[in-house]
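Quick note: the coordinates plus some simple rules give every number you see, no bench work behind them. In this text, all values refer to a predicted model and were calculated from it rather than measured experimentally. Note: ideal-geometry Cβ built from the backbone for every residue, glycine included; neighbour counts use all protein chains shown.
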Amino acid sequence: MAATMVSSAGGLLAMLNESHPLLKQQALQNLNNYVDQFWPEISTSVTIIESLYEDEEFDQNQRQLAALLVSKVFYYLGELNDSLSYALGAGSLFDVSEDSDYVHTLLAKAIDEYASLKTKAIESSADAESIDPRLEAIVERMLDKCIADGKYQQAMGIAIECRRLDKLEEAITRSDNVHGTLSYCIGVSHCFINRREYRCEVLSLLVNVYQKLPSPDYLSICQCLMFLDEPEGVASILEKLLRSDNKDDALLAFQIAFDLVENEHQAFLLNVRDRLPTPKSQPLESANPRSAEPVSGETEPSTASEDVPMAEGASVSSTSAPEIDKSEETYSERLTKIKGILSGETSIQLTLQFLYSHNKSDLLILKAIKQSVEMRNSVCHSATIYSNAIMHAGTTVDTFLRENLDWLSRATNWAKFSATAGLGVIHRGHLQQGRSLMAPYLPQGGAGGGGSPYSEGGALYALGLIHANHGEGIKQFLRDSLRSTNVEVIQHGACLGLGLAALGTADEDIYDDIKSVLYTDSAVAGEAAGIGMGLLMVGTASEKASEMLAYAHETQHEKIIRGLALGIALTVYGREEEADTLIEQMTRDQDPILRYGGMYALALAYGGTANNKAIRQLLHFAVSDVSDDVRRTAVLALGFVMYSEPEQTPRIVSLLSESYNPHVRYGAALAVGISCAGTGLSEAISLLEPLTSDVVDFVRQGALIAMAMVMVQMNEASDSRVGTFRRQLEKIILDKHEDTMSKMGAILASGILDAGGRNVTIRLLSKTKHDKITAVVGLAVFSQFWYWYPLIYFISLSFSATAFIGLNYDLKVPKFDFISNAKPSLFEYPKPTIVPTTTSAVKLPTAVLSTSAKATKARAKKDAEQKANTEKAAAAGEPSTSTNSGKGKSTEKDGDSMQVDTPPEKKAEPEPSFELVTNPARVVPSQEKYIKFMEDSRYVPVKLAPSGFVLLRDLKPTEPEVLSLTDAPSSTNATRAAAAAGLGAGGQQAMAVDDEPQPPQPFEYTS
Amino acid sequence: MDPKLTEVSQYFERFKAACVREDIDTSANLLSQLKVLLTSFRSLPPLFEVTPNAVQELTIARDIYEHAVLLSVKMGDQDAFERDFFQLKPYYTDARKRLPRSPQEHMILGLNLLRLLVQNRIAEFHTELELLPAESLEDPCIKHAVELEQSFMEGAYNRVLTAKQTVPNQSYDYFMDLLAKTVRDEIAGCSEKAYDFLSTNDARQMLLFSSDNELLKYINEEHPEWEIKDGSVIFQKAKETAPCKEIPSLQLINQTLSYARELERIV
C-alpha cells in the first residue's frame, strides 16, 4: 500500500507553505490520504491548515478539503467538538457512508448533538430553529442512507432520538416488514423515551401508521391507544371486529379486551365499555355475562340469588328473544361477552377458579407458625393472620381460620380489624359473593349494631380488597356505610375500602364523601381518608392534590399528614415531568412527613421509567436528608423507579445496603424487594442475604420480607438458596429469643413466599410492558406497613396469577395440552412440608429424602393409574397438572410405590426434559420461555403468549369439547359460619349457625 | 521520452542556467513552475507509483529540489531552505531503493545540520543525526557539522570560529557567518548571567570583536538594555526572579479534611 511508502509527512507539510495554490492543493489532497498515519505530525501544523480553511480566496472545494483534514486531525486528538464543527465545514466531502472509525464516531457525535439540540429546542419551545442547517443535513443524510440500506431499526432509533417524526414514519412505511418494525418501535418508545409527552406523540404516530396498513395489528394498536388514553379508538376497533362475520375476528376482539384488562387501568376500561353500544337483544345463552362462565350446577342458584347489585341489569333476561336477523344476534351476544371481559369480571372469575382449583398452600407451615408464636404476643399473632391471608390470597380457602376459631378470637381491637380484613384478601376477586361473605361483619344499619366497630371497619376494608379496582357494584354500599357512621374505626375501613374499590376513577362524589371525613380531623379516620383520596385520584394529577397539601399543612395530626402525603403522591402516579412542580414543593417542605411524601411522589411519578433525574434526586435525599424516615423512603423509592430494569437495582443500592444507618439499609432491602419482586434474581438474593442477619431487628424484618418478595414462587431446584431461606425462616419463627420485629418479618415472609396458594407472583409490569397500576399502587401502600400494619394487605393487589388460561369462543376453558420444554422439577411446586408425626417437630435429615421420594412416587403412581383414578384426581383439584407424561421408566416403580421407605437411590432416574401441561396451567414467569404449543393440537392460540389469558381458535369446531375449570368455589356459607364464630359477637354466631355449613372444600393433604 | 518529462527537463535546464547566472528572480520563478509541474508525476513521493519513467522522474525531481535548496542558501532564505529540504528528504529516505545515491546528498544533509545548529535547534539536530546511517557520519560534510556542534556544546567557541576556514563546500559560508553570530549571542547570554559588569576591553575580547566600534554596534542592535559606563559594560541583571511560590499548605489541609468529612457523610 502506498501509505507505507513514505516515512514522514514533513515534505507534504512543507509543501503547504509554498506560495503556489496548486501546490497547496496537492499537499492537502495527499495529507488527507495519509492523515490516518501521520496525524501526530500534522497536528503540529494544524493551524496552517485551519488558516487555509478560513482563507476566503481559496477555492471552495479546497477549503472544504482543508476542513475535512482539520476535522480528522482533531478527531485523532480526541477533540470531538472541534472535529465536528470542522466536519460540518467540510460539507459534502464528509461522506456518511464511509466505513471508518472517524466517520462512525463523528456521525454518532453529530446525531447526539442534533438530538440534544432538538430536544432542548422542543422542551424550551420558545426559541427553536437555532440548529445549524449543516448539522441537520448530515443527520438527514445519515437517515436517508440508513433507510436506503434497509437498516430500518437504526433509522428509527435515530429518528426517535432526534425527534424527527417525519423520518420515523418514512422509515416505518418503507421498511420491508412493517409489523416487525412497528412492534420494535413500540418497544423502543417505551424503553428509551423518557418524556411522556413525546412518547405520546410517537405512539399516536404509530397508531396512524398502523391504521393505514392493509392488515392492522389490532392488539398493538389498542395497547398504544390505551397508553394515549383514547377509549373511542379502542371502542371503535372492538366494535368493528365484533361486527365482522368471521369468528376469528371476534376471538381477536376478546383477546384485545383481555390484554387491556391485564393493564388494570380501570377508568379507561370503563370508558371503553361505556362507549360500546348496549346489546339490543339479549339472546338467551348470554343473558348474564357471568353465566357465560363455566359455573357448575350447584353454585348456579347461589350466584343468581345473592348477586343482587351487579346481576340486576343483565339477569332480567328477556326470555322472549325476538327473531331478529342472525348477525345482529351474534353481534349482541359478542357484545355482552366483551363487556364482561372489559369490566374485568371474566378474567377475575377465571383467575379465581384457577387459584381455587390449583391451590397448593401448605397449611402445615401455618400450623407450625401458630404453634410457635407466643400466646400473648399480639404482634406475632396478627402477623400469622396476615400471613395466612397472603398465603391464601384469592383462593377463597379459609380452612385455617375455620380450624382455629378459638385462637382467632384472641384478636382484639385493631387486630380484629385486620383479621376481618384478611377475609377480603382470601376472597379477593370473589365479586359475586363478596358482599354476602362479609355480611355478618358489616355494619347493620340500626339492626342492633351487635358487631364491634373493629370488625365492621375491617369488613368494609375487606370489601374494598375483594373488589379492588373493580368496585362498580360495591361503591354505593361503601359510600352509604361511610356516610351513616361516625365511628372513626368504621370510617377508617370505609375510606380504605372506597379508595380500593374506586381506584383511579376520580369520582367526584366519592371524593367529597371522603373529604368530609378528612375534615373531621380525627387522626385514625383522617389517615385512611388521605390514602383513600389518593387511591381514588391515582394518576389523575388533579388539582385536588394542592387541596390535600393545604390541609396537610393545617392539621396537627401526624397520621393525617402521613396519609395525605401518600395520597398526594398517588395522584401523580405515572405523570413523570408533569409532577415535577408538586414534587419540588413537597421535597422542599419543612415537615419531614411531607418530604417523605415527596419521595413517594418521585417513586410513583417516575415508576418504572428508570429516569436518571429521578434516581439522582432520590440518591441525593437518601444521603443528605436529616430525617431517617425520609432517607429510608428515598432509598425504597429507588425500587419503584427501577422496577422495569430489575437487574440494575442491586448494583445501585449495593453501597447503600452497607450504610451505617439502619434506616437506609432497610430501605435498600425493600428497594431490591420491590424492583426485583418475583424475578428470583441472583444478585438481588446475594445482596439481601447478609441483611437477613443484620444487627438491627427492623432491618432483618425488611430483608426477610424483601427476600420473600424476590423468591416468590421459586423452588429449590432453580436456586438452592430458596431452601436455605425457608429453613432460616423456620428457625427464626421457632427461636424463642428472636426479636418480635424480625419474627414478624419471618412470619410475613413465609406468607409471601407461598402467596396465593403458590400460584401467584408479584408482577409490576404487564406482559406488554405497561405498568400495572393496581400492582404498583398496592406495593406503594404496602410499604407503609412500617407505620400501620393493616396496610400489609395491599400487597395482595400486586399479586398476579401465573397461569396460562386458554379460552375458546364461548370464553370457556377447553382441555388441551401443550409443552413446557424444561425439566418438570425446575418449575414444580415446592415440596410440601411433612406432617409432624406424633412427637415433636424434630426432623431427621433422611426424612426429607424419603418424603420427596414418596412424593415423586405418588406422582408417578398417579400418572399410571390416572385413568382408573380420574375422579380422585379431579377431587384433588389437580387435573394432571405437572404430571409426568414423558414417562417410560417411571411406571416401573408402580409396584413398590406403596412402600413407605424406599431407598433414595431408586429415584435417581433421568428426568424427562419436557412435560405436558394441561390448560389451564400454572406457568411461572421463568418458565414462560419454555412454553410451546403442539403443532397437531386442536386449538391454536390467537396470540402466541406463554401465559395469561389466551383465546384459542378451534380447528375442529364440530367435535365436542372437554372443559375444565368447572368447579367454582362455593364456600360461602361454610365460611360465613365458621369465621363468624371466630370473630363475630355472640349474637351473630347464633345467626350464622342457622345456615347449614357445607362440607369443607376438597383439599389435598399430603399423605 | 514522455513529453511532460521533456518539458520538465527543459525548464530545469533553464532554471540551472539562471542559477549559474545568479539571476535569482528568474530562477525562483522557474522553480515555482517546476514544482507545479512535478505534482503531475505519479511516481514521486508520496505516491511512488511504479511508472516506466519512474527513475528518470525521481532523479530529475530530486535534482530540482537539490538545486532549490542551494538556491535558497544563495538567497539567504532559511524558510525556503527548510521547505525545500523537507520536500527533498523523501527522495533520500524513502526512494533509497529506487535511485542511486545522489552525489550532493551528504552536502545537503550537512547543510541542513548546520542550519539547525545556526537556528540553535539542537534537539532537531540530534534527531537528524540519529537518522543518518553510520557510514554517512564519516563523510566530511557531516563530520564537519558534527564537530562544530561538539565544539559549540563544549563552549570552545574559538574552535567554532576557526572552523570557518575548513568548510567542505563554499555554500557553507552563509551558514558559517550566521553561526558566528549564534556563538556571539550565546556568549552574550552567558556573560549576562555570569557577570555584573565587564570592562569594554574584556567584553570585546569575550565577544570576539576586533574593535570597540563593532562591540558598540552589536550592543546597540542586540542588547540595548546593556549600559556602557566608565569604560565598562554593565549588564542589567535580569529582574530578580520572584521568590518561589509558597505552598498553600493550610488551604490544602482544609480541603482534604472537608473531603474526608463529605465522604463520611455519603456512606
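Of the GluC sites (Glu not before Pro) found in the range A:16-67, those that fall in a DSSP loop while having at most 15 other beta-carbon atoms within 10 Å are A:E56, A:E57. Hydrophobic, long helices, defined as DSSP H runs whose alpha-carbon span along the helix axis is 30 Å or greater and whose mean Kyte-Doolittle value is at least -1.0, occur in chain B at B:54-75, B:173-194. Think of the range A:369-433 as having a plus end and a minus end, set by charges on the Cβ of Lys, Arg, Asp and Glu; of A:T412, A:N388, A:F400, A:T412 sits farthest toward the positive end of this dipole. So what does log10 I(q)/I(0) come out to for the range A:58-109 at q = 0.14, 0.18, 0.29 Å⁻¹, using the Debye formula with one equal point on every Cα and no solvent? Scattering profile of the range A:58-109, log10 relative to I(0): -0.29, -0.47, -1.13.
Counting 0.36 nm for each residue step from A:E197 to A:K247 and taking away their Cα separation leaves a gain of 14.2 nm. Between the beta carbons of B:D230 and A:N17, assuming R0 = 60 Å, the FRET efficiency works out to 0.75 to the nearest 0.05. Counted by Cβ distance under 13 Å from A:D176, the other residues give a net charge of +1, where Lys and Arg count +1 and Asp and Glu count -1.
Put simply, the range A:335-489 fits an ellipsoid with semi-axes of 27, 23, 10 Å; these come from the alpha carbon gyration tensor as the roots of five times its eigenvalues, largest first. Averaged over peptide B:74-83, the number of partner chain Cβ atoms lying within 10 Å of each residue's Cβ comes to 2.
When chain B is treated as a GNM with alpha-carbon contacts under 10 Å, the residue of B:Q78, B:Q150, B:Q251 showing the greatest mean-square fluctuation is B:Q251.
Over 21 Å between Cα atoms: which of A:K72/A:K118; A:K367/A:K736; A:K812/A:K943; A:K167/A:K767; A:K339/A:K475; A:K515/A:K544 fall into that group? Beyond 21 Å between Cα atoms: A:K72/A:K118; A:K167/A:K767. The equivalent ellipsoid that matches the C-alpha gyration tensor of the range A:689-838 spans semi-axes of 30, 22, 13 angstrom, in descending order. Loop-resident chymotrypsin sites (Phe, Trp or Tyr not before Pro) (DSSP state other than H, G, I, E or B) in the range A:12-63 with no more than 16 further Cβ atoms inside 10 Å of their Cβ are absent. Near A:M707, once Lys and Arg are set to +1 and Asp and Glu to -1 for all other residues with Cβ below 11 Å from its Cβ, the sum equals +2. Based on C-alpha pairs under 8 angstrom that are at least 6 apart in sequence, chain B has a relative contact order of 10 percent. Going 7 Å from the Cα of A:K823 toward and past its Cβ, which residues in the range A:679-710 have a backbone nitrogen under 13 Å from where you end up? None, by backbone N distance to the label point. Extent along the principal axes, Cα only, for the range A:426-539: 34, 29, 20 Å, with the longest axis given first. For the range A:522-613, the set of GluC sites (Glu not before Pro) satisfying both a DSSP loop assignment and a count of at most 16 other C-beta atoms within 10 Å is given as A:E543.
Computed with the Debye formula from one identical point scatterer per Cα of the range B:29-69, without solvent, the log10 of I(q)/I(0) at q = 0.15, 0.23, 0.33 Å⁻¹ comes to -0.32, -0.72, -1.19.
Using the Cβ atoms and a cut-off under 13 Å, what net charge is assigned to the surroundings of A:I733, where Lys and Arg are +1 and Asp and Glu are -1? For residues surrounding A:I733, the net value is +3. Are any of the pairs A:K743/A:K769; A:K151/A:K240; A:K145/A:K212 more than 31 Å apart by Cα-Cα distance, and if so, which? In this structure, A:K743/A:K769; A:K151/A:K240 exceed 31 Å between Cα atoms.
The gain in end-to-end length when the A:R588 to A:E123 segment is fully stretched comes to 165.0 nm, 0.36 nm per residue minus the alpha carbon separation.
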